[in-house]
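K.L.:
The structure is given below, and queries will be raised subsequently.
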Amino acid sequence: MNITLRQAILQRVNNKSDDELKEIIEDSIGGEERVLPGLGVLFEIIWQHSEASTQDTIVETLKGHLA
């Protein structure tokens with residue numbers, strides 16, 4: 001059975017509690033570069049399920065911290 005990286009990441013976080021998800025995210029931020037794809041998958045889910053106004057806020061926040 002072939003499993004994609006995206007599927008593996010989603011399986012890892014499936015059925016986690018709020019606290020467990022928060023811990024996974026916080027442990028990944030600023031960590032090793034190998035965890036960046038996992039954060040990307042999580043961000044993808046957030047983006048896809050956010051309203052346009054929330055997406056605009058995310059973009060503005062990002063833009064404000066890139067300067």
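K.L.:
Among (i) 24, 13, 11; (ii) 23, 15, 13; (iii) 36, 13, 10, find the value of semi-axes √(5λ) of the Cα gyration tensor in Å that was calculated from the structure presented, and write down its label.
P.N.:
(ii)
K.L.:
Something else now. Once the whole set of protein chains is in place, how much accessible area is left on K22, using a 1.4 Å probe, in Å² to the nearest 10?
P.N.:
120
K.L.:
Let me ask something else. Could you tell me how many degrees, from 0 to 90 and to the nearest 10, lie between the Cα long axis of helix 18-28 and the main elongation axis, the longest principal axis, of the Cα atoms of the chain?
P.N.:
Between helix and principal axis, roughly 80 degrees.
K.L.:
Just how much of T61 is accessible, in Å², when a 1.4 Å probe is used and the result is rounded to the nearest 10?
P.N.:
Estimated to the nearest 10 Å², T61 gives 70 Å².
The values are calculated or read from the model by the stated rules, or taken from the named source; none is laboratory data. None of the values given here were measured: they were computed from a predicted structure. The protein model used for the area step is the full one, side chains on, heavy atoms only, and it has no ligands, DNA or RNA in it. Shrake-Rupley method; radii C 1.70, N 1.55, O 1.52, S 1.80 Å.
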